[in-house]
Amino acid sequence: MARRRVGIITAGGDAPGMNAAVRAVVRTGIFHGFEMVGFKRAFGGLLDGDYINMDARSVSGIINLGGTILRTGRCPELKTEVGRKKAIKILSDLNIDSLVIIGGDGSLAAGNALHKEGIKVINLPATIDNDIYGTEECIGYDTALNTAVDAIDKIRDTAKSHDRIFVVEIMGRHHGFLTLAVGVAAGAEVIIVPEVKPNMEELCDNFRRASNSGKKSLIVAYAEGCGSSIDFAREVEEKTGLEVRVSNLGYIQRGGVPTARERILASWFGAYATKLLKEEKTGLFVGYQKGNIVATPFEEVCGKQIEFDGEMYKLIQRISI
Ligand code: F6P
């Protein structure tokens, strides 16, 4: 009897740990008796029928690699009905009835849409932004967090040496979750996130007061989603007369060797995805909640927003004086 064929896709922005998840999906899928197929370049590769057969050896030596061996991309075509019908036809021609999709909120929406068309879909969360409802942690977040904290530790050396304020821009398209965690772990004095509108007058007063009392260098953890960090820095400089520099950490946050925690989480997620498929379960989002790996139906997570952690934000204000 022909074995059931399962496709794997990594989509959206790459995130460290995606490879560890691919490895776990492939190997546990084979363990369950599936034939595993990897689509290249995310949904773009699916629509082009660009795939590779993946055996256990195809994922050797990748657990420690950043990026994704399958490569990734964003695919506007899949958001259209025509694009989706094309995807369904290709999957049917290839005899693939199931997909494991590893990515962020766009990938979740795509997974949900394909599920509604009758494909068996399991989504795994992967984005350094850590902004997907239904999981406390996404693949990529822990590594990006550590990368950013390490970078700020270095920036602090030069900030102190020159008595400067440093505005450090941290990734996060819509939310400040990564920035908040980076700020706490790096001991940033100020955190600017889209969820809390800054009072510029009060902020600049605080900068002046800190400077007058001898605190000459400060770190501002500034979320990408708040707009231009350069404009922000200019305004602070004009209002306070203090010297301000900007450092945009940028794409280094998306790369690098995944942390041990990342690899373990990605391995559990991957194994859980194929277990669900083996049990004929579908339309599920796999997440990490209160120490457990759990699966939640798409309709309970799609389009929902995680609440901003106000207590953690207050913590910064209390411990950064
Ligand atoms: O979603 C991850 C992320 O790195 C965001 O933090 C950032 O806004 C975005 O992707 C950048 O996307 P692109 O790779 O398309 O430039």
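Within the stretch 205-248, the set of residues being closer than 18 Å to Val193 by Cα and touching a residue at least 60 places away in the same chain (Cβ under 8 Å) comprises Ile219, Ala221, Ser229, Phe232, Ala233, Val236, Val246, Ser247, Asn248. Answer yes or no as to whether Ile293 is surrounded by fewer than 17 Cβ atoms within 10 Å (Cβ to Cβ), under 22 Å from Ile9 (Cβ atoms) and under 18 Å from the mean Cα position of the chain (by Cα). So Ile293 passes the test. Among the residues of the stretch 127-147, are any part of a strand (DSSP E or B), under 14 Å from the mean Cα position of the chain (by Cα) and over 30 Å from Glu299 (Cα atoms)? No, the conditions are met nowhere in the stretch 127-147. For Gly118, the conditions (1) closer than 17 Å to Val6 by Cα; (2) more than 22 Å from the chain's Cα centre (by Cα); (3) part of a helix (DSSP H, G or I); (4) of a type outside the set (A, V, I, L, M, F, W, C) are fulfilled apart from (3).
Do we find that Glu300 is under 30 Å from Lys116 (Cα atoms), acidic (Asp, Glu), over 19 Å from the mean Cα position of the chain (by Cα) and modelled with pLDDT of 95 or more in this structure? It is true that Glu300 is under 30 Å from Lys116 (Cα atoms), acidic (Asp, Glu), over 19 Å from the mean Cα position of the chain (by Cα) and modelled with pLDDT of 95 or more. Checking Gly29, Gly67, Gly33, Gly45 one by one, the residue that is over 18 Å from Leu124 (Cβ atoms), of a type outside the set (S, T, N, Q) and either in contact (Cβ under 8 Å) with a residue 24 or more places away in the chain or buried (at least 23 other Cβ atoms within 10 Å of the Cβ) (or both) is Gly33 and no other. So is Ser60 more than 15 Å from the ligand (Cβ to nearest atom), in contact with a Lys or Arg (Cβ under 8 Å, 6 or more places away or on another chain) and among the hydroxyl-bearing types (Ser, Thr, Tyr) or not? No. Hey, among the residues in the stretch 1-44 that are within 16 Å of the ligand (Cβ to nearest atom) and charged (D, E, K, R), which one's nearest to Gly255 (Cα to Cα)? Out of the qualifying residues, it is Asp14. Within the stretch 224-283, the residues that satisfy the criterion of being aromatic (Phe, Trp, Tyr) and more than 16 Å from Leu178 (Cα to Cα) are Phe232, Trp268, Phe269, Tyr272. Is it the case that some residue within the stretch 96-105 is within 16 Å of the ligand (Cβ to nearest atom), within 22 Å of Thr274 (Cβ to Cβ) and not small (Gly, Ala, Ser)? Yes, there is a match, as at least one residue in the stretch 96-105 is within 16 Å of the ligand (Cβ to nearest atom), within 22 Å of Thr274 (Cβ to Cβ) and not small (Gly, Ala, Ser).
Of the residues screened, Tyr288 is not one that is surrounded by 14 or more Cβ atoms within 10 Å (Cβ to Cβ), at pLDDT below 95, among the aromatic types (Phe, Trp, Tyr) and within 28 Å of Ala151 (Cβ to Cβ). Taking the criterion of being under 17 Å from Lys40 (Cβ atoms) and more than 15 Å from the ligand (Cβ to nearest atom), the residues of the stretch 69-82 that qualify are Ile69, Leu70, Glu77, Leu78.
One residue alone among Ile192, Ile155, Ile230 is at pLDDT 95 or above, in contact with a Cys (Cβ under 8 Å, 6 or more places away or on another chain) and not acidic (Asp, Glu), and that residue is Ile192. Would a scan of the stretch 148-159 turn up a residue that is closer than 30 Å to Lys278 by Cβ, within 12 Å of the ligand (Cβ to nearest atom) and in contact (Cβ under 8 Å) with a residue 12 or more places away in the chain? No, there is no match, as no residue in the stretch 148-159 is closer than 30 Å to Lys278 by Cβ, within 12 Å of the ligand (Cβ to nearest atom) and in contact (Cβ under 8 Å) with a residue 12 or more places away in the chain. The residue of the stretch 279-301 that is nearest to Arg261 (Cα to Cα), among those that are assigned to a helix (DSSP H, G or I) and touching a helix residue (DSSP H, G or I) at 6+ places or on another chain (Cβ under 9 Å), is Val301.
The values are calculated or read from the model by the stated rules, or taken from the named source; none is laboratory data. Keep in mind it's a predicted model, so treat the numbers as computed, not measured. Reconstructed Cβ throughout: ideal geometry from the backbone, glycine too, with neighbour counts over all protein chains shown.
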